[in-house]
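The block underneath contains the structure these notes are about, expressed in structure tokens.
The values are calculated or read from the model by the stated rules, or taken from the named source; none is laboratory data. Nothing here was measured: the structure is a model prediction, and the numbers come from that model. Note that each Cβ is placed from the backbone with ideal geometry, even for glycine, and that neighbours are counted across all protein chains shown.
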Amino acid sequence: MKVEPYRISVNKDSNNEALIAACRAGDPKAWELLVERYQRLVYSIPRRAGLDEETSADVFGYVFASLVEHLDRLDQPSRVGAWLATTAKRETWRLARSRQRYVAPPEGYETDFMAEIPTEEPLPEETVLRLEEQHRIRTAVEMLDERCRELLTLLFYRAESPAYTDIAAALGIPEGSIGPTRARCLQKVRRVLEKLW
């Protein structure tokens with residue numbers, strides 16, 4: 001029985017090095033997982049810079065096509081997120097200057113995980129780094145069990161955290177267990193972050 005060379009075992013919990021190695025070996029599942037992991041980050045950069053949906057989709061396509069071209073030359077596969085963010089930022093600047101198509105993001109556009117970026121100014125490096133960090137944390141939280149995801153969402157992803165009594169009622173848990181459960185969930189986030197990045 002012949003085993004195909006690209007069958008490196010990867011899943012959504014695989015770290016960036018494993019995904020890049022599998023992508024280099026030609027594994028389509030690894031590519032799908034890598035795009036899924038970073039699609040929000042890459043797409044958010046041109047949208048938050050004020051580019052319209054069509055132009056943002058162009059940036060998105062360009063960034064991942066560039067990754068395919070440079071896959072074998074990535075010196076630090078663990079830093080693929082930074083590479084994607086930098087490439088998205090550069091392409092955003094290029095298209096914004098060439099097309100002069102700045103538009104405000106659509107009404108109701110999700111911004112809870114993104115920093116505010118001035119409409120007509122280039123993305124500063126610190127903003128890109130903050131977007132990447134927020135993306136990592138959100139990805140880690142999404143990989144947790146439902147109970148932890150719900151608790152951390154209530155505690156940290158709201159403009160104002162509800163009272164512990166409200167959280168306890170919403171989750172159906174004793175109020176006194178919120179603190180210890182929060183600590184365990186944050187440990188899980190740390191472990192996921194360490195594993196993936």
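Summary of values
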quantity: Residue list for the stretch 57-84, restricted to those being under 15 Å from residue 39 (Cα atoms) and among the hydroxyl-bearing types (Ser, Thr, Tyr); calculated: 62, 66
quantity: Qualifying residues in the stretch 153-197 (those that are under 15 Å from residue 136 (Cα atoms) and of a type in the set (A, V, I, L, M)) - the one farthest from the chain's Cα centre (by Cα); calculated: 186
quantity: Matching option when the condition is surrounded by fewer than 16 Cβ atoms within 10 Å (Cβ to Cβ) and under 27 Å from residue 78 (Cα atoms), among 158, 190; calculated: 190
quantity: Candidates 62, 43 - the one that is modelled with pLDDT of 90 or more and of a type in the set (Ser, Thr, Tyr); calculated: 62
quantity: From 163, 159, 183, residue being modelled with pLDDT under 75 and not assigned by TED's automatic domain parsing to the domain that holds residue 56; calculated: 159
quantity: Selection from the stretch 59-85 of residues that are crowded, with 17+ Cβ neighbours inside 10 Å and without any contact (Cβ under 8 Å) to a residue 40 or more places away in the chain; calculated: 59, 60, 62, 63, 64, 67, 83
quantity: Filtered residues of the stretch 26-51 (kept if in a loop (DSSP other than H, G, I, E, B) and not charged (D, E, K, R)); calculated: 26, 49, 50
